[in-house]
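Below: one structure, written as structure tokens.
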Amino acid sequence: MRAVDISAVKQPTRRPAPQNDPLRWWRESRFGMFIHWGLYAIPAGVWQGQRVPYIGEWMMFREKIPVATYAALAAQFHPRHFDAAAWVRLAKQAGMRYLVITAKHHDGFAMYRTSVNRYNVVDATPWHHDPMVDLARECRRQGVRLCFYYSQDLDWHHPDGAWNDWDYPAAAKNPARYLREKVKPQLRELLTRYGPVGMIWFDTPLTLTKAQSASIRRFVKKLQPRCLVSGRIGHGLGDYNLPRDNFLPPGRLEGDWETCATLNHTWGFKTHDHEWKSAENLITTLVDLVSKGANYLLNIGPDADGVVPAPSVQRLRAVGAWLERNGDAIYGTSPSPFRNEFSWGRITTKGRRLFLHFFSAPPKIFHLHGLRTRVRTARALGDARRAFATRQTTDAATGLPILAIDFTGLRFRAPVTVVALDLAAAPDVEPQPLQQPDATVTLITGMARLGTDATAPTGRIGGNGLTENWRSTDDWLEWDFTLLRPGAYEVNVVTTHQHLEPWSGGHTLRLTADGQTLRHKTTSDAILPSLRSAYYPQIATSFGRFNFANSGRHTLRLQATRLKLPKKNKTLFSDGGMQFVEIRLTPVS
Ligand code: FHN
């Protein structure tokens, strides 16, 4: 199956920060609504009586539907229940601060009035109506930023757009003409007819050159200088980064990120996709992403009548109810000062405030390792009357600062209870991996030193927190970490893969620490029960045990001695190298 390679997209690395930064509203928002709505909502995943696998909006491509046949769907598009005010209200109720709607998806059909051709919702449907006018008005009225999704490369309707080779011979395609005749004129319409646009959410850059992507970016900025450009403009030219769809990173990311995600599995409406993520899952995912420095752009796929599926509405309202109480720990926050996740939950910060997000009831005496800043008070969010007693000490053997909070009387409210710590200064933490109060140590890729036995490494530590292009046995990753308890530790290595790709295991890895060596092949021994595993299974391989005789600083190195790389160097979803995530050390009883 051909699918979309987002991993190949080079991402921007710069982080602009001036007061007047156009990214400011986006950083403060943290949570947005994605809407996939188009002609694909009519077949809704069923073509000629057959359920078509894969995401609904890819129907035309999957079935290689001729342009004329697909275009005929437009005659059926008459969404009697479309209600822009209700859609925007739903975004507000969910606590979402911006809205990104498909103005043109890969099928090439414009969901707004365009003068470029008649293949649009006003000219080609019996509805004869431009929903973007209503949405722009409602977004303005209700205080939500309006943004447009635009597929700038894949276009299965235009003869020069990418990836329709069943109607148009690939060799005859002229992408420059497609940009000139369709993309730019349509962007001009979007950026001049609907008032200020928060962002153009470009998607799936696969064939355009860097110069072409740059010219699209310039075009947008000339028309609306403050309009953002999503990372999927390609070639590192976006204003912020996007990982692959539904991706949750293993730890905090550097720079500005946004994960876009589905509520079930499809983006465009499908009648038979009923696997809805629970409200608990959505809330913890929001917390997880924000704590790691990423926005959460969560999708709804209204049906062809304009109705948002009831399970989506119900779940979004539940997220909104949680945000109503806990929004202070999400909006306008910065990511956790610690790079790693915690088994108990996540952390966000705002100035001198640290928010502890508990995913389950904390123990009566809760410990946090590595916070150097003095804590003044600890209070549950939404219940400021009770202050919890805190005590800060230093571990004599390692010098590690340890905070203890007495949570007697804390009422845990599922799925996430937030406790705010007011600090004497902005949080300052130990930067290296630390043994956690539950005695585990996790060594994530993002906290490693990259080195090589060759002159320069072939592999990289990717911006998304996984290894990239890991295809050399010369390269290694190394961590210094602090251990409080000497003893024997089980060692698990975690690798991953994209859900539509097979896992590539069978690499032989060597781990060395304290003069000991463990060598093993990556085998799928267990899939970690992690939020991350839903789309990117976190595959753990047991490597055996290390014995650490002393507490204090230790160093562990990982190096491949044999990599089992796929014959095809690059696949659509990965660069073909080993996708390493982390090493977990767990004390033996
Ligand atoms: O191919 C598209 C897909 O249909 C959907 O729009 C998602 C949303 O991020 N983007 C592409 C796949 O990554």
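Here are a few things to note about the model shown:
- Considering helices alone, the calculated mean residue ellipticity of the chain at 222 nm is -4500 deg cm²/dmol, with DSSP H runs of length four and up weighted by -39500 (n - 2.57) and normalised per residue.
- C-alpha long axis of helix 210-223 to longest principal axis of the chain, angle in °: 80 degrees
- The angle separating the long axis of helix 84-94 from the principal Cα axis of greatest extent in the chain is about 0 degrees.
- Listed peptides 442-448, 424-430, 187-193 by packing density, highest first (mean Cβ within 10 Å): 442-448, 187-193, 424-430
- Partner lysines whose Cα lies under 19 Å from the Cα of K521, excluding those fewer than 8 positions away in the same chain, are identified as K564, K567.
- Sequence of K104, K221 once ranked by neighbouring C-beta atoms within 10 Å, starting from the fewest: K221, K104
- Average Cα contact separation per residue, the chain, under 8 Å, 6 or more apart, as relative contact order %: 13 percent
- Protection proxy ranking for 463-475, 520-532, 126-138, using the average of other Cβ atoms within 10 Å per residue and placing the highest first: 463-475, 126-138, 520-532.
- Diffusion coefficient of segment 345-423 by Stokes-Einstein, Kirkwood radius over Cα pairs, 37 °C, 0.692 mPa s: 255 µm²/s.
- When each of K184/K222; K64/K277; K64/K173; K182/K270 is checked by Cα-Cα distance, pairs over 22 Å: K64/K277; K182/K270
- Between the C-alpha center of segment 275-331 and that of segment 82-128 there is a gap of 20 Å.
- Taking other C-beta atoms within 10 Å as the exposure proxy, F109, F342, F388 rank F388, F342, F109 from fewest upward.
- Ascending count of other beta-carbon atoms within 10 Å, so fewest first, for W156, W163: W163, W156
- Across the alpha-carbon atoms of segment 473-589, the computed radius of gyration and Dmax are 14.9, 46 angstrom.
- Those lysines that a straight Cα-Cα span of less than 24 Å connects to K350, excepting residues fewer than 8 apart in one chain: K92, K292
- Nearest 10 degrees, 0 to 90: helix 131-142 Cα axis against the chain principal axis: 50 degrees
- Normalised contact order of segment 24-328, rounded percent, pairs of Cα under 8 Å and 6 or more residues apart: 24 percent
- Based on Cα atoms of the chain, Rg over Rh with Rh as the Kirkwood radius reads 0.98.
- Cα-only Debye scattering, segment 278-369: base-10 log of I(q)/I(0) at q = 0.19 Å⁻¹: -0.92
Only the coordinates and a few stated rules stand behind these numbers; no lab work does. What you are looking at is a predicted structure, and each value in this text was computed from that prediction instead of being measured. With ideal geometry, Cβ positions are generated from the backbone for all residues, glycine too; neighbour counts draw on all protein chains shown.
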